[in-house]
């Protein structure tokens with residue numbers, strides 16, 4: 001199966017293409033320019049893999065939370081490609097995908113996206129399991145949710161920013177916190193791994209176009 005995974009949920013735009021020949025990736029600091037580079041970047045990755053668009057079996061995008069415009073762009077492209085090729089598309093929760101790589105970390109994993117207004121989209125995970133719903137909170141409220149006396153791994157595009165803001169909260173213990181060195185590498189590969197695992201387990205994940213998986217989860221009222 002050839003799976004095209006798109007991460008447009010943050011300013012770090014990334015693509016992962018999983019094929020029988022291997023993995024092909026692309027990542028860039030896109031800011032708010034996802035729509036300007038998405039099509040060309042996908043074509044570039046396909047050329048590197050030496051395959052045509054119609055060889056894609058499944059397209060995947062981040063469901064959210066994340067940038068409102070970025071999520072819309074990801075869904076629009078995934079749906080459009082799905083319709084054009086007559087192939088399915090699917091989405092997966094952004095924070096779950098970011099935390100996926102660290103499911104064996106012995107401690108608390110917190111994937112983070114900058115939600116602006118001095119807030120973060122984040123969640124608390126341990127051994128791959130979500131301990132909270134998707135959160136839209138500031139650093140002080142996040143600090144209050146972090147249990148004491150366990151190591152904490154901050155990951156995702158806003159990991160360093162969160163570490164800085166958490167450092168200004170009461171009771172902050174710097175030695176407990178680790179910043180993922182690959183936090184700003186893009187998360188399309190993680191999305192690809194999550195979707196591939198779900199397909200392998202034969203879970204019913206393919207979108208019919210009218211279910212909860214076919215639209216973004218903003219974790220905040222969209223404006």
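Quick note: the coordinates plus some simple rules give every number you see, no bench work behind them. Because the structure is a prediction, the values reported are computed rather than measured. Because the Cβ atoms are built from the backbone with ideal geometry, glycine has one as well, and the counts that use them run over all protein chains shown.
Assorted remarks:
- Estimated from the Cβ-Cβ distance and a Förster radius of 45 angstrom, the FRET efficiency linking residue 23 and residue 220 is about 0.85.
- Additional length obtainable on full extension of the chain from residue 160 to residue 127, 0.36 nm per residue less Cα span: 9.7 nm
- Under the simplified labelling scheme, the residue 175-residue 103 pair shows an inter-label distance of 3.2 nm, with each label point 7 Å from Cα along Cα→Cβ.
- Segment residue 145-residue 37, length gained on full extension (0.36 nm per residue, minus Cα span): 35.1 nm
- Cα gyration tensor shape for region 96-179, rounded if a/c is under 1.5, else prolate or oblate: oblate
- Taking the Kirkwood radius as Rh and the Cα radius of gyration as Rg, the chain has a ratio of Rg/Rh equal to 0.98.
- The C-alpha atoms of the chain define a longest principal axis, and helix 68-85 lies at about 20 degrees to it.
- The order of the peptides 53-62, 178-187 by mean Cβ neighbours within 10 Å, most packed first, is 53-62, 178-187.
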